[in-house]
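Everything on this sheet refers to the single structure shown next.
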Amino acid sequence: MSLSPIAQVTGRGVVVAGDDIDTDRIIPARYMRCITFDGLGEYLFRDVRQTPEGKSTNHPIDDPKYKGATILISGMNFGCGSSREHAPQAIARAGFKAVIAGGFAEIFFGNSTTLGLPCATATRKDLTALMSLIQKDPTTLVTIDVEKLHVTAGPLSFPVSLKTSAQQGLLSGRYDAIADLLANLPKVKELAGRIPSATAS
Amino acid sequence: MGKTLFQKVWDRHAVGILPDGSTQLFVGTHLIHEVTSPQAFGMLRDLGLKVAFPSRTFATVDHIVPTDQRTEPFRDSLADAMIKELRKNCSDFGVTFFDIPSGKQGIVHIVGPEQGITQPGTTIACGDSHTSTHGAFGAVAFGIGTSQVRDVLATQTMALSPLKVRKIEVRGKLGPGVYAKDIILHIIRTLGVNGGTGYAYEYCGPTIEGLSLEERMTICNMSIEGGARAGYVNPDEKTFEYLKGRPYSPKGKEWDVAVAEWKKVVSDADAIYDDVKIFEASEIRPTVTWGINPGQGIFIDEAIPSPEQLPEADRASAKEALEFMKFKAGEKLAGQKIQVAFFGSCTNARISDFLEASKFLKGRKVAPGIRAIAVPGSQGVSKICAEMGIDKIFREAGFDWREAGCSMCLGMNPDQLVGDEICASSSNRNFKGRQGSPTGRTLLMSPVMVVAAAVTGKVSDARLVFAKS
């Protein structure tokens, strides 16, 4: 599978404030009763965007001032909880190209990278400054440089971190590992012969 | 220099290093369910690929199954489509499916061990974060996303970077009424919900060694709630005894060979750990969560902390939690009225959970107005509970005794909270909206504490409620 390298993401940001935003919050389990990922973007943050009666809560995602944003900005430990890939799928299908947060839960991070959705980690201080800048002027363009591991936004310029394998994968267009895994199938078959498997007797 | 179990298992299953620097890791056993696998099979079809080693994948249906209706079509047409899709995928690709009529259906993390599929020294993957449960057997088990489910189906491998290993030693004797659930809630509260990021947790020490395999599963299950992608306990005689004679365990001469191999994967005495934490069992008391993440817990006799008392990094989340839960700092949880009691989930719906709770529930009644449901983790658990008369104790007490599934742990099936109901729950997550109602409130606790809450209608210290039992 040949994918385009992702060296840089530029776009407007939206701030979804808060720490420990879990994948149930990103997409509640009730909306995963499906057999494809199609249309999941609609359910992104569903339960916090609408009241139980279906009225809008004016969540940032629906706030007209953030319309067209492609970079999601949030707090610490973003994407914790369930391993559901439905979460990054919903984020990507809602039009987002990258996430900047104070940290990411591991499974979410891996799932996102595989989809080509870079997840850059910023320090609390830089994140706070970025959040207040975007809240003040949502038209500010945010650029994530995947190669230099750097973010610029208006007057702000700060370093971010990204796991090396994810950075390498994004830069080389190999963030979805399937082709590389398939290429080694002969070696896998050889190893499989030495690894016992559970069999009914 | 010695190695940990994690390192030994990792090295043995490593196929090689991929161009991005990550490891291509062989997956000995792959478990799948209806929610996170259909898209993976869809991708296989799109790519024209087969399942590389179909005999290494096992399927069951758990998240969406109704627990009060077992005939198809299910009332929920979406759920019905999902079970049918899984059935078709398993049939098309030659995967063993523990379907409802098999008598072996249940929550994937309960079925694997019960069938003897979960074995020491192996790597296990499943599209579910609670896959860490299988670590109780000395397996290295990872929750994965759907694209990785595709990778494992197509190649029996996945791309992963090695984890660091944190040794979590628990010493001493647990007090009466304190259970494995309290140990893990206490560990998460202490180390934080993201304290385990980048680590596998090795649970060890005399207290852990003293636990049954089912109790060890409760602890490993919630590793992910502490941010650790995997958690494990070194296998010992108890592990082998649990596995002996199970349908998928090795038999005859192969059993002896397997046990000899399993003994070799135990962490070496001189293994080097990236971090070590020590806990005293005697300091742990029954623990209940008051907030919206599993780290926001307190001992039953403690007061809910005020955000100002907490480290600065935890304050915003605590404020948000108090607002959502409609609790006040300084209040105690004991005495807080509940509306629902949920006894189930991959954390606590095994035979020993029901057996222990039934000892206290026998002859008592669920308080008026409380909706109490008990959901065995598997058809196997259900069958044994029936043979032992445990289901009868729950029914006579006023619990609704259901069929096996994930149920109200995540409310994907019709078992959901309504409005802002408060639920005393033996499950693993208290996230906003987790139990099916966006405003529903979940209090995590041990199964015996759930039963104490059910019979008193409020959060209660089981040690006091059942003092004379």
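Each residue of region B:90-105 in turn: what ³J(HN,Hα) in whole Hz from Karplus with 6.51, -1.76, 1.60 and θ = phi - 60°, glycine and Pro shown as x?
So the Karplus estimates, Gly and Pro as x, are 5, 5, 4, 9, x, 9, 5, 10, 7, 7, 4, x, 6, x, 10, 6 Hz.
Give the residue list of trypsin sites (Lys or Arg not before Pro) in region B:277-326 that are DSSP loop and have at most 12 other beta-carbon atoms within 10 angstrom.
Listed in order of number, the matching sites are B:Lys326.
Return, for the Cα atoms of region B:209-342, the radius of gyration and Dmax in Å, separated by a comma.
20.6, 62
What is the Å³ per residue value for the convex hull set by the Cα atoms of the protein assembly as shown? Walk me through the numbers on the way to the answer.
Values: hull volume 96.6 nm³, N = 670.
Taking the convex hull of the Cα positions in the protein assembly as shown, it is 144 Å³ per residue.
Mind checking region B:258-339 for chymotrypsin sites (Phe, Trp or Tyr not before Pro) that DSSP puts in a loop (not H, G, I, E or B) and that have at most 10 other Cβ atoms within 10 Å? Please list the in-between numbers first.
Details: sites: B:Trp262, B:Tyr273, B:Phe279, B:Trp290, B:Phe299, B:Phe324, B:Phe327; in loops: B:Tyr273, B:Trp290, B:Phe327.
Nothing satisfies the criteria.
Number of Lys-Lys pairs in region A:47-137 under 19 Å by Cα, sequence gap 8 or more or different chains? Working shown, then result.
Values: A:Lys55/A:Lys65; A:Lys55/A:Lys67; A:Lys65/A:Lys97; A:Lys65/A:Lys136; A:Lys67/A:Lys97; A:Lys67/A:Lys136; A:Lys125/A:Lys136.
The number of close lysine pairs in region A:47-137 is 7.
In µm²/s, what is D for region B:182-227 at 4 °C and 1.567 mPa s, where D = kT/(6 pi eta Rh) by Stokes-Einstein and Rh is the Kirkwood radius from Cα pairs? All intermediate terms of the calculation are to be shown ahead of the outcome.
Numbers: Rh = 10.8 Å.
Approximately 120 µm²/s, per Stokes-Einstein.
Using the count of nearby Cβ atoms within 10 Å as a rough guide to exposure, how do A:Ser201, B:Ser382 rank from fewest to most?
Details: A:Ser201 10, B:Ser382 24.
Lowest to highest Cβ neighbour count: A:Ser201, B:Ser382.
What is the Å³ per residue value for the convex hull set by the Cα atoms of region B:263-343?
On the way: hull volume 14.7 nm³, N = 81.
Dividing the Cα hull volume of region B:263-343 by its residues yields 182 Å³.
Going by C-beta contacts inside 10 Å, put B:Met449, B:Met388, B:Met1, B:Met43 in order with the fewest on the left. It would help to have the intermediate numbers written out before the result.
Working: B:Met449 30, B:Met388 14, B:Met1 6, B:Met43 19.
The most exposed by this proxy come first: B:Met1, B:Met388, B:Met43, B:Met449.
Across region A:93-110, in residue order, what do the Karplus-derived ³J(HN,Hα) couplings come to in whole Hz, using 6.51 cos²θ - 1.76 cosθ + 1.60 with θ = phi - 60° and x for Gly and Pro?
6, 7, x, 7, 10, 6, 10, 10, 8, x, x, 10, 5, 5, 5, 4, 4, x
Which percent of Cα-Cα pairs in region B:1-153 sits in each 5 Å bin, short to long?
For region B:1-153, the pair-distance distribution reads 2, 9, 18, 21, 19, 14, 8, 4, 2, 1, 0, 0.
Take every residue in peptide A:34-43, count the Cβ atoms of other chains within 10 Å of its Cβ, and give the average of those counts. Walk me through the numbers before you get to the answer.
Details: counts 7, 14, 4, 5, 1, 0, 0, 0, 0, 0.
Neighbouring Cβ atoms belonging to other protein chains average 3 per residue here.
Calculate how large, on average over all directions, the projected area of the Cα convex hull of region B:320-389 is; give the answer in nm² to one decimal. Write out the running numbers ahead of the final one.
Details: hull surface 25.8 nm².
Computing the convex hull of the Cα atoms and averaging its projections yields 6.4 nm².
Do me a favour and compute the ellipsoid semi-axes for region B:404-469 from its Cα gyration tensor, root of five times each eigenvalue, largest one first, whole Å. List each step's numbers first, then the result.
On the way: eigenvalues 112, 28, 17 Å².
Result for region B:404-469: semi-axes of 24, 12, 9 Å.
Could you work out the pair-distance distribution P(r) of region A:9-192 from its alpha-carbon pairs, with 10 angstrom bin width and percents rounded to whole numbers?
10, 36, 35, 14, 4, 1
Kindly work out what percent of the DSSP beta bridges joining two residues of chain B are antiparallel, to the nearest 5. Don't skip to the answer; put the middle values down first.
Details: 13 of 55 bridges.
Percentage antiparallel, nearest 5: 25.
Where the eigenvalues come from the Cα gyration tensor of chain B, what are the semi-axes √(5λ) of the equivalent ellipsoid, largest first, in whole Å?
33, 27, 22
What's the long-distance tail for region B:287-465, i.e. % of Cα pairs beyond 18 Å? Walk me through the intermediate numbers first.
Numbers: 9109 of 15931 pairs.
Here the long-distance tail beyond 18 Å is 57 percent of all Cα pairs in region B:287-465.
Can you compute 3J(HN,Hα) from phi for each residue in region B:52-68, using the Karplus curve 6.51 cos²θ - 1.76 cosθ + 1.60 with θ = phi - 60°, rounded to whole Hz and x for Gly and Pro?
Here the 3J(HN,Hα) series is 5, 9, x, 6, 9, 10, 10, 10, 8, 10, 9, 5, 9, 5, x, 9, 10 Hz.
On average, how many beta carbons from a partner chain sit within 10 Å of the beta carbon of a residue in B:31-39?
Numbers: counts 0, 0, 0, 2, 8, 6, 1, 4, 8.
So the per-residue partner count for this stretch is 3.
Counting alpha carbon pairs within less than 8 Å and at least 6 residues apart, what relative contact order, in whole percent, applies to chain B? If you can, show how the numbers build up before the last one.
Working: 1123 pairs, mean separation 79.5, N = 469.
Relative contact order, chain B: 17 percent.
Using a 7 Å offset from the Cα along the Cα-to-Cβ direction at both B:Glu283 and A:Lys189, what is the distance between the two label points in nm, to one decimal?
With each label placed 7 Å out from Cα toward Cβ, I get 5.6 nm.
Can you give the percent of C-alpha pairs in region B:78-147 whose distance is more than 14 Å? Write down the numbers at each step before the final one.
On the way: 1580 of 2415 pairs.
For region B:78-147, the fraction of Cα-Cα distances above 14 Å is 65 percent.
Let me confirm one metric for peptide B:428-435, namely the mean number of other chain beta-carbon atoms within 10 Å of its residues' beta-carbons. Don't jump to the answer; show the numbers that get you there.
Details: counts 1, 5, 0, 10, 7, 10, 7, 2.
Rounded to a whole number, the mean comes out at 5.
Can you give me the three principal axis dimensions of region A:2-73 from its C-alpha atoms, in Å, biggest first?
42, 33, 23
Can you give me the P(r) profile for region B:5-264? Cα pairs, bins 5 angstrom wide beginning at 0, each as a whole percent.
1, 6, 13, 17, 18, 17, 14, 9, 4, 1, 0, 0
Can you put B:His13, B:His63, B:His134 in order, fewest other beta carbons within 10 Å first? Working shown, then result.
Values: B:His13 21, B:His63 24, B:His134 33.
Lowest count first: B:His13, B:His63, B:His134.
Throw me the Rg/Rh for region B:151-267, computed over C-alpha atoms with Kirkwood Rh, two decimals.
Numbers: Rg = 16.1 Å, Rh = 15.9 Å.
Radius of gyration relative to Kirkwood radius: 1.01.
Can you work out the base-10 log of I(q)/I(0) for region B:5-89 at q = 0.11, 0.14, 0.19 1/Å, using the Debye formula on its C-alpha atoms alone?
Results for region B:5-89 at q = 0.11, 0.14, 0.19 Å⁻¹ read -0.46, -0.67, -0.95.
What FRET efficiency would be calculated for the residue pair B:Lys244, B:Lys362, taking the C-beta separation as r and a Förster radius of 45 Å, to the nearest 0.05? Write out the running numbers ahead of the final one.
Details: r = 31 Å, r/R0 = 0.69.
For R0 = 45 Å, the calculated efficiency reads 0.90.
Amide H to amide H under 5 Å from B:Tyr248: which residues, 5+ apart in sequence or cross-chain, H placed 1.01 Å off N in plane?
B:Gly116, B:Ile117
Bear in mind that the values in this text are calculations on the coordinates, not laboratory data. The structure displayed is predicted, hence computed values, not measured ones. For neighbour counting, all protein chains shown are included, and Cβ atoms are generated from backbone atoms with ideal geometry for every residue, glycine included.
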